[in-house]
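J.: Next up is a structure, given as structure tokens.
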Amino acid sequence: MNLLLNPNPPLQGEISVPGDKSLSHRTVILSALAEGNSTIHGFLTGKDCLATVEAMCHLGVKIDFLDPETLLVHGVGLHGLQAPKQSIDCGNSGTSMRLLAGILAAQPFTSVLKGDDSLQQRPMERIVLPLQQMGARIVGREVSGRIFSPLEIHGNTSLSAIDYEMPIASAQVKSCLLLAGLYAKGQTSLKEKGASRDHTERLLQSFGVALSIAQNHIILTSPTTLKAQEIYIPGDISSAAFFIAGAAMVPGSHIILRQVGVNPRRIGIISILKLMGADITIHGPRLICGEPIADIEIKGTKLRGIDVPSEMVVSAIDEFPIIFIAASCASGTTHIRGIEELRYKETDRIEVMAKGLKILGVSLEVFPDGILINGSSLNEGTVVSHGDHRVAMAFAMASLVAKGSIIIRDCDNIATSFPNFCELANQLGMSIHSIED
Ligand code: S3P
């Protein structure tokens, strides 16, 4: 699918974005491993999370959709999974693959995790090596000393707990090891380099697992059982981010986003935009199922370029494509370093974004770990998302400040995280149409 975006007036209105992707994956996995039935409200029915649902079904878990966003998961307990009859396809979803690997490493059967072309090019040694240290036998595709999927996981029912200092700040690695730790003998002790999203820790605690958490050090002691829950998932701040930035960078915009997750480890986008001069107000923060949620009000203004503080990078890790767009229309220069992890996302987001921005006439310089963007005006043009959902949606928001129409090619994967993106964007006043090749 390709998108045609025509210039439009500033954004106006009120919307709710779909459920949080990270929480949707985690709630379905933990509910499946719990004793009893869990209900999940506000589940994201994007392709990534549906890949996790399907994986759990292949592992013998019964999951009913009560409506498109409400799931009833019939938990089988930690030791109730069954051997899958076929390889498990994680599609485009790194979260599915990395989290599931943690559980499968501890099962009394062998399984295979595979993914699409993009996922098969994403690094897996970050989970395979520590899981191997715990005693798992995992065979991946080795290329130049790196490990890629498909992963053949020969489960080991007597994993040993690990004391591990994680070399990168990654919630996927942390969550994979915590899930494996549920099955391991002894205490799993993980030290994080940076404060990555802590949804797994919060959820494990609400499912009744005792964790000790001191700053960036987490200790989990098994064995344990998980108790079924009724869960409400807030709107995904990473989906909201496109509209937060889109409204913030266009004077005259005024929007409200209802019931968005504002976990402190996810709101780097708000902190960064505020440093750029954005007018953003968080209304009525409250806790639901252990996660803070709030309504977010944004009024548009002219943004200014900044040096993005390195301590904000982890909490905005998925938001850099849209931050690059905001920087492109800000006054002055924006300098972002320490974002080399962007090279290992669904695409190399530094390269793919730089390529598209250059087509739109933006002057920039790329570094191995970052980018410098000189704010200016954006031209019309045709850019390619290379199948990356967040790149596609970021360039869609560029149409708010471009001098003419923008065409974005290869946008099907928007459905991995935000299936109704175009509909909601048009509700706020944008003009997005899908077009044929
Ligand atoms: C995620 C963690 C992040 C993020 C991804 C979702 C998660 O990845 O980029 O979109 O749900 O744990 P890393 O752990 O690789 O940083």
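The values are calculated or read from the model by the stated rules, or taken from the named source; none is laboratory data. Nothing here was measured: the structure is a model prediction, and the numbers come from that model. Reconstructed Cβ throughout: ideal geometry from the backbone, glycine too, with neighbour counts over all protein chains shown.
J.: Taking segment 164-177, which residues are away from the ligand (no atom under 11 Å from the Cβ) and either in a helix (DSSP H, G or I) or of a type in the set (S, T, Y) (or both)?
T.: Here is the first cut: in segment 164-177, the residues away from the ligand (no atom under 11 Å from the Cβ) are 164-165, 167, 177.
If the condition is that a residue be away from the ligand (no atom under 11 Å from the Cβ) and either in a helix (DSSP H, G or I) or of a type in the set (S, T, Y) (or both), then Y164, L177 are the ones that fit.
J.: Hey, another quick one. Do any residues in segment 195-211 that are without any contact (Cβ under 8 Å) to a residue 60 or more places away in the chain have Cβ atoms under 7 Å from those of residues that are within 16 Å of the ligand (Cβ to nearest atom) and part of a helix (DSSP H, G or I), where the two are at least six apart or on different chains, and which pairs are they?
T.: Final answer for the pair search is L211/E201; L211/L204.
J.: Scan segment 396-424 for residues that are outside any loop (DSSP other than H, G, I, E, B) and touching a Leu at 6+ places or on another chain (Cβ under 8 Å) and report the count.
T.: Matching residues across segment 396-424 total 8.
J.: Looking at L50, L72, can you tell me which residue is over 15 Å from the mean Cα position of the chain (by Cα) and of a type in the set (A, V, I, L, M, F, W, C)?
T.: Numbers: L50 fails: over 15 Å from the mean Cα position of the chain (by Cα).
Just a single option satisfies the conditions, and that option is L72.
J.: Please state which one of A402, A396 is more than 14 Å from the ligand (Cβ to nearest atom) and surrounded by fewer than 24 Cβ atoms within 10 Å (Cβ to Cβ).
T.: Values: A396 fails: surrounded by fewer than 24 Cβ atoms within 10 Å (Cβ to Cβ).
When all the criteria are applied, what remains is A402.
J.: Name the pairs whose Cβ atoms lie under 7 Å apart, with the first residue in segment 335-348 and in contact (Cβ under 8 Å) with a residue 40 or more places away in the chain, the second hydroxyl-bearing (S, T, Y) and away from the ligand (no atom under 11 Å from the Cβ), and 6 or more positions between them or separate chains?
T.: Final answer for the pair search is E346/S118; T347/S118.
J.: Within segment 300-357, can you find the residues that are touching a Pro at 6+ places or on another chain (Cβ under 7 Å) and among the small types (G, A, S)?
T.: Here is the first cut: in segment 300-357, the residues touching a Pro at 6+ places or on another chain (Cβ under 7 Å) are 300-302, 340, 344, 349, 353.
Within segment 300-357, just G300 meets the criteria.
J.: Just one of (1) more than 16 Å from the ligand (Cβ to nearest atom); (2) in contact (Cβ under 8 Å) with a residue 40 or more places away in the chain; (3) of a type in the set (A, V, I, L, M, F, W, C); (4) within 16 Å of R265 (Cα to Cα) trips up A214, so point out which.
T.: (2)
J.: Something else now. Being more than 19 Å from L50 (Cα to Cα) and either in a strand (DSSP E or B) or acidic (D, E) (or both): is that true of I153 here? Steps first, please.
T.: Values: more than 19 Å from L50 (Cα to Cα): yes; either in a strand (DSSP E or B) or acidic (D, E) (or both): yes.
In short, yes.
J.: Would a scan of segment 178-189 turn up a residue that is more than 21 Å from R26 (Cα to Cα) and either assigned to a loop (DSSP other than H, G, I, E, B) or within 15 Å of the ligand (Cβ to nearest atom) (or both)? Step through it out loud before you land on a result.
T.: Of the residues in segment 178-189, the ones more than 21 Å from R26 (Cα to Cα) are 185-187.
Narrowing further to those that are either assigned to a loop (DSSP other than H, G, I, E, B) or within 15 Å of the ligand (Cβ to nearest atom) (or both): 186.
Looking for residues that are more than 21 Å from R26 (Cα to Cα) and either assigned to a loop (DSSP other than H, G, I, E, B) or within 15 Å of the ligand (Cβ to nearest atom) (or both), one finds at least one in segment 178-189, hence yes.
J.: Quick one: in segment 90-119, of everything that is away from the ligand (no atom under 16 Å from the Cβ) and more than 13 Å from L177 (Cα to Cα), which residue is surrounded by the fewest Cβ atoms within 10 Å (Cβ to Cβ)?
T.: Start the filter on segment 90-119 by keeping residues that are away from the ligand (no atom under 16 Å from the Cβ), which leaves 104-112, 114, 117.
Subsequent filtering for residues that are more than 13 Å from L177 (Cα to Cα) retains 107-112, 114, 117.
On the way: Q107: 21, P108: 11, F109: 14, T110: 14, S111: 24, V112: 16, K114: 16, D117: 8.
Filtering first and then ranking leaves D117.
J.: Tally time: how many residues in segment 221-234 are modelled with pLDDT of 95 or more and either of a type in the set (S, T, N, Q) or surrounded by fewer than 24 Cβ atoms within 10 Å (Cβ to Cβ) (or both)? Even if it seems obvious, please write down each step before you answer.
T.: To start, the set of residues in segment 221-234 that are modelled with pLDDT of 95 or more comprises 226-234.
From what is left, the residues that are either of a type in the set (S, T, N, Q) or surrounded by fewer than 24 Cβ atoms within 10 Å (Cβ to Cβ) (or both) are 226-230, 232.
The total comes to 6.
J.: From the set of residues in segment 137-155 that are out of contact with any Pro (no Cβ under 9 Å at 6 or more places or on another chain) and in contact (Cβ under 8 Å) with a residue 40 or more places away in the chain, which is farthest from the ligand (Cβ to nearest atom)?
T.: H154
J.: Counting residues that are in contact with a strand residue (DSSP E or B) (Cβ under 9 Å, 6 or more places away or on another chain), under 27 Å from L190 (Cβ atoms) and of a type outside the set (V, I, T), which strands (runs of 3 or more DSSP E) fully inside segment 213-282 reach at least 2?
T.: Working: elements: 217-221, 230-232, 254-261.
Result: 217-221.
J.: If you take the residues of segment 142-201 that are out of contact with any helix residue (DSSP H, G or I) (no Cβ under 7 Å at 6 or more places or on another chain) and among the polar types (S, T, N, Q), which of them is surrounded by the most Cβ atoms within 10 Å (Cβ to Cβ)?
T.: Going through the qualifying residues, I end up with N156.
J.: Would you point out which residue out of T27, T45, T39 is of a type in the set (S, T, Y), in contact (Cβ under 8 Å) with a residue 24 or more places away in the chain and within 16 Å of the ligand (Cβ to nearest atom)?
T.: Working: T45 fails: within 16 Å of the ligand (Cβ to nearest atom); T39 fails: within 16 Å of the ligand (Cβ to nearest atom).
On inspection, the qualifying residue turns out to be T27.
J.: Separate question: Would you pick out the residues in segment 98-136 that are charged (D, E, K, R) and farther than 22 Å from P167 by Cβ?
T.: Applying the first criterion (charged (D, E, K, R)) to segment 98-136 yields 98, 114, 116-117, 122, 125-126.
Scanning segment 98-136 gives K114, D116, D117.
J.: Cβ-Cβ distance below 8 Å, separation of 6 or more or different chains: which pairs start in segment 295-318 with a residue that is touching a residue at least 12 places away in the same chain (Cβ under 8 Å) and away from the ligand (no atom under 15 Å from the Cβ) and end on one that is of a type in the set (D, E) and assigned to a strand (DSSP E or B)?
T.: From residues that are touching a residue at least 12 places away in the same chain (Cβ under 8 Å) and away from the ligand (no atom under 15 Å from the Cβ), the pairs are I298/D279; K299/D279; G300/D279; T301/D279.
J.: If you check every pair at least six apart or on different chains, which have Cβ atoms under 7 Å apart with a residue in segment 107-128 that is of a type in the set (S, T, Y) first and a residue that is assigned to a helix (DSSP H, G or I) and buried (at least 16 other Cβ atoms within 10 Å of the Cβ) second?
T.: So the pair list comes out as S111/L104.
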